[in-house]
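This report concerns only the one structure given below.
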Amino acid sequence: MSDDLLKRHRAVMPSWMPVYYGDEAIEIVSGSGRRVTDASGRTYLDFFGGVLTTMVGYDIPEINEAVTRQLATGVAHTSTLYLIKHQVELAEKIARLSGIPDARVFFTNSGSEANEAAMLMATNIRRSNQILAIKNGYHGRTFGTMAITGHRSWSSSSLHPVQVSWLPSGDRVRGRMAGLSDGDIIDVGVEDLRETLATVTAGDVAAMIAEPIQGVGGFVSAPDGMLGAYKKVLDESGILLIADEVQTGWGRTGDHFWGYQAHDVVPDLITFAKGIGNGFALGGVAGRADVINAVPAISFSTFGGNPVSTAAGNAVLDYVLDHDLQANAKRVGDILLDGLRAAAADSPIVAEVRGRGLMLAIELVRPGGTEPDPAATLRVFDECRRGGLLVGKGGLYNNVIRMGPPLTLTEDEAREALGVLTGAIRAAETF
Ligand SMILES: Cc1ncc(COP(=O)(O)O)c(C=O)c1O
């Protein structure tokens, strides 16, 4: 059955839209908790959650009931031209949690659209089309967000609506930060920022956009405090900071509710999507009232604060807070991180196990060096699937295994996954 679906998929969907597992592509037909079942009846532990989006898990009664209650009213959509209680309630909660005083919230349908909106706001209030972005970052697939995405595999156009200046990522395996201490990485980054502002910009830059942990880029992160150190420099000329929390928000990193909180800074704008809908299309921007309100003409998103999506969003956020999923992400994430580091300690093909909370990655290289090994990565990836574990891939060279399971992951499930991952690494070593 899936064979036929794969053929039909290939016949009608764009060629540039990847599907995992090639000719062995799977169709997920049901899910419960952290497990999904494919069309052939095989069940997997899901460590990728539809790219860190099924944040609470599958078939969660509280979320199902909230959505069903809204559908039972007969109203799936009204447009934001009418008042929407779920939208206002969710905005109030996110504004309160944002850490930004008197914040405003604008809802979108995706992370790309959230970042587009943030750039619109920042470039308008600053009357500047210059943006600072971080190499190896990913901010979306749309025309504007592709411009600020520093990742060749995802860059399919050089036509850009903004002028972008690039800063180095915190990659410790290769590149100019490799081998440096955290303190030195911050010093080099700040020096580079000053030099960039003085040489390749017209000075009046609108904003810097940064992911606290680079998602698509393979969970590479700058040292704690780096964004705060940058912000001190940005503040000298009024440049705004946009934290792209599309992957790092809502407690995923365990140590913090937002990724930015590791950096001793409060951003001017926060963009979010993915997990907040647990699969329903929901994204947005939270930020300073003066910046959000700087859009100088009418603007709206037809589906933006949709009553079904925001009913789901409220239920997801309440679930995350009521069950303290951030603490679970920390506890279970630490078990995984320690276990993976122990399993990889003597592996010649693992350059780094990194991450935080339930956002963990394994970078694979040719034995004895730092040359990326996408083939070994594919072997680990396929071996995990054979062992009943779904993981993701990523990184600039497609040589990173990425894991972002639902934040409800249990210790037993973490240990089960550790067993599969350890076996997959061993199998890739001996290939
Ligand atoms: C950090 C980050 N920002 C933005 C986006 C774009 O979100 P969407 O795919 O919902 O447009 C993504 C998607 O992977 C992301 O990881």
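For the range 48-55, indicate whether the set of residues that are in a loop (DSSP other than H, G, I, E, B), of a type in the set (Phe, Trp, Tyr) and surrounded by 12 or more Cβ atoms within 10 Å (Cβ to Cβ) is non-empty. Walk me through how you get there before you give the answer.
Restricting attention to the range 48-55, the residues satisfying the condition of being in a loop (DSSP other than H, G, I, E, B) are 48, 53-55.
Within this subset, residues satisfying the condition of being of a type in the set (Phe, Trp, Tyr) are 48.
Then keep just the ones that are surrounded by 12 or more Cβ atoms within 10 Å (Cβ to Cβ); that gives 48.
Looking through the range 48-55, at least one residue is in a loop (DSSP other than H, G, I, E, B), of a type in the set (Phe, Trp, Tyr) and surrounded by 12 or more Cβ atoms within 10 Å (Cβ to Cβ).
Does residue 336 satisfy being surrounded by 21 or more Cβ atoms within 10 Å (Cβ to Cβ) and under 25 Å from residue 36 (Cβ atoms)?
Yes.
In the range 335-431, which strands (runs of 3 or more DSSP E) lie fully inside it and hold 2 or more residues that are among the β-branched types (Val, Ile, Thr) and modelled with pLDDT of 95 or more? I'd like the intermediate steps shown before the answer.
Numbers: elements: 350-356, 359-364, 392-394, 400-403.
Ranges flagged: 350-356, 400-403.
Can you name the residue in the range 67-103 that is closer than 24 Å to residue 269 by Cα, β-branched (Val, Ile, Thr) and assigned to a helix (DSSP H, G or I) and is also nearest to the ligand (Cβ to nearest atom) among such residues?
Looking at the filtered set, the residue picked out is 94.
For residues that are exposed (fewer than 14 other Cβ atoms within 10 Å of the Cβ) and either out of contact with any Asp or Glu (no Cβ under 6 Å at 6 or more places or on another chain) or of a type in the set (Asp, Glu) (or both), tally how many sit in the range 28-47.
First, pick out the residues of the range 28-47 that are exposed (fewer than 14 other Cβ atoms within 10 Å of the Cβ): 29-30, 32, 40-43.
If we keep only those that are either out of contact with any Asp or Glu (no Cβ under 6 Å at 6 or more places or on another chain) or of a type in the set (Asp, Glu) (or both) as well, we get 29-30, 40-43.
Residues in the range 28-47 being exposed (fewer than 14 other Cβ atoms within 10 Å of the Cβ) and either out of contact with any Asp or Glu (no Cβ under 6 Å at 6 or more places or on another chain) or of a type in the set (Asp, Glu) (or both): 6 in total.
Residues are listed down the side, and each one gets a yes or a no for (1) away from the ligand (no atom under 13 Å from the Cβ); (2) crowded, with 21+ Cβ neighbours inside 10 Å; (3) at pLDDT below 95:
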| residue | (1), (2), (3) |
| --- | --- |
| 227 | yes, yes, no |
| 230 | yes, yes, no |
| 255 | yes, no, no |
| 259 | no, yes, no |
| 292 | yes, yes, no |
| 320 | yes, yes, no |
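Restricting attention to the range 104-124, does a residue exist that is away from the ligand (no atom under 16 Å from the Cβ), more than 14 Å from residue 311 (Cα to Cα), at pLDDT 95 or above and of a type in the set (Val, Ile, Thr)?
Yes, the conditions are met somewhere in the range 104-124.
Kindly evaluate residue 104 against the criterion of being in contact with a strand residue (DSSP E or B) (Cβ under 8 Å, 6 or more places away or on another chain), touching a residue at least 12 places away in the same chain (Cβ under 8 Å) and among the charged types (D, E, K, R). Steps first, please.
Details: in contact with a strand residue (DSSP E or B) (Cβ under 8 Å, 6 or more places away or on another chain): yes; touching a residue at least 12 places away in the same chain (Cβ under 8 Å): yes; among the charged types (D, E, K, R): yes.
Judged against the criteria, residue 104 is a match.
The values are calculated or read from the model by the stated rules, or taken from the named source; none is laboratory data. Keep in mind it's a predicted model, so treat the numbers as computed, not measured. Neighbour counts run over all protein chains shown; Cβ positions are idealised from the backbone, glycine included.
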